[in-house]
Structure formats: C-alpha cells, structure tokens
1. Report the residue count in segment 83-139 for those that are loosely packed, with under 15 Cβ neighbours inside 10 Å and in contact (Cβ under 8 Å) with a residue 60 or more places away in the chain.
2. Using the structure shown, decide if residue 40 is under 17 Å from residue 101 (Cα atoms), at pLDDT below 90 and not in a helix (DSSP H, G or I).
3. Which condition number in (1) modelled with pLDDT under 90; (2) at negative phi is the one that residue 62 fails?
4. Which number in (1) more than 15 Å from residue 23 (Cβ to Cβ); (2) modelled with pLDDT of 90 or more; (3) in contact with a helix residue (DSSP H, G or I) (Cβ under 9 Å, 6 or more places away or on another chain) marks the one condition that residue 124 misses?
5. Take segment 88-119 and flag every residue that is more than 14 Å from residue 47 (Cα to Cα) and in a helix (DSSP H, G or I).
6. Does segment 3-36 hold any residues that are more than 24 Å from residue 95 (Cβ to Cβ), out of contact with any strand residue (DSSP E or B) (no Cβ under 9 Å at 6 or more places or on another chain) and not in a loop (DSSP other than H, G, I, E, B), and which are they?
C-alpha cells in the first residue's frame with residue numbers, strides 16, 4: 001500500500017474492511033468508520049489514517065477479547081473470522097494490517113507507534129494464537 005498523501009476517501013474500503021474484521025458486526029463497523037472519517041483531514045497518508053483508526057478503536061472497544069463462540073460446531077470459513085475476533089486487539093490489528101492489507105512491518109510500526117521488533121513479535125504471536133484456536137475448533141468437531 002502506498003502511504004503517500006492521498007484523499008482520505010481513497011482508503012475507505014481498507015478502513016471499512018479492517019473495522020469489520022476488528023469489530024465483527026456492521027453497526028460497530030459503521031460507527032468506527034464514521035468516527036475515523038469525521039476526524040480525518042481531506043489529504044492524509046494511510047499511516048496517519050490507520051493511526052487514527054487505532055486510536056478510535058481502542059477508545060471505543062479497548063483491549064476486549066470477549067466473543068461468544070458457543071454456537072460453533074465445526075470449522076467453516078466463517079470460523080476463521082470468529083477465531084480472528086478472539087485475538088487480543090493489538091495482535092488482531094497487526095495480523096490484519098499485515099495479512100489482509102499487506103502493509104510492511106515498518107508501516108505497521110509507524111501506525112501503532114511501537115518498535116518494529118514488537119510488531120514482528122505481535123504478528124508471530126497473533127498468528128500462533130490464531131492457528132491454535134483454529135486447531136482447537138477443528139479437533140472439537
């Protein structure tokens with residue numbers, strides 16, 4: 001993703017997709033995207049936009065990992081999404097930025113304002129936790 005200055009609306013699909021993955025429902029997604037865009041200047045970089053997204057997400061949802069997955073009976077494509085929702089917020093954010101939006105570790109480091117080694121560690125542990133949960137869901141079926 002090119003992080004040069006662009007019209008903020010050019011990133012709306014990425015922001016919406018990230019918000020949906022982070023929140024798991026359309027109502028919260030719409031609220032979060034609205035909050036981000038209400039506080040975004042007309043021209044911005046992807047990095048600044050996702051920093052603002054992170055700030056609004058943490059203000060609205062904190063580090064909550066609660067999700068009711070009691071109705072999961074077997075692994076389907078949607079179960080992967082449910083497993084993503086169970087990740088701690090920062091792990092979930094860096095995994096999605098890396099794997100879904102294909103941002104570099106350096107870009108993610110700037111967005112979350114943490115050292116690149118922290119980003120790499122969080123991506124590693126996020127993926128590991130995700131794999132563990134998916135494996136547990138598969139063995140339960």
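1. Residues flagged as loosely packed, with under 15 Cβ neighbours inside 10 Å and in contact (Cβ under 8 Å) with a residue 60 or more places away in the chain within segment 83-139 amount to 4.
2. Working: under 17 Å from residue 101 (Cα atoms): no; at pLDDT below 90: yes; not in a helix (DSSP H, G or I): yes.
Judged against the criteria, residue 40 is not a match.
3. (2)
4. Residue 124 satisfies every listed condition except (3).
5. Passing the criteria: 89, 90, 91, 92, 95, 96, 99, 116, 117, 118, 119.
6. 9, 34
The values are calculated or read from the model by the stated rules, or taken from the named source; none is laboratory data. What you see is a predicted model, and the numbers here were worked out from it, not measured in a lab. With ideal geometry, Cβ positions are generated from the backbone for all residues, glycine too; neighbour counts draw on all protein chains shown.
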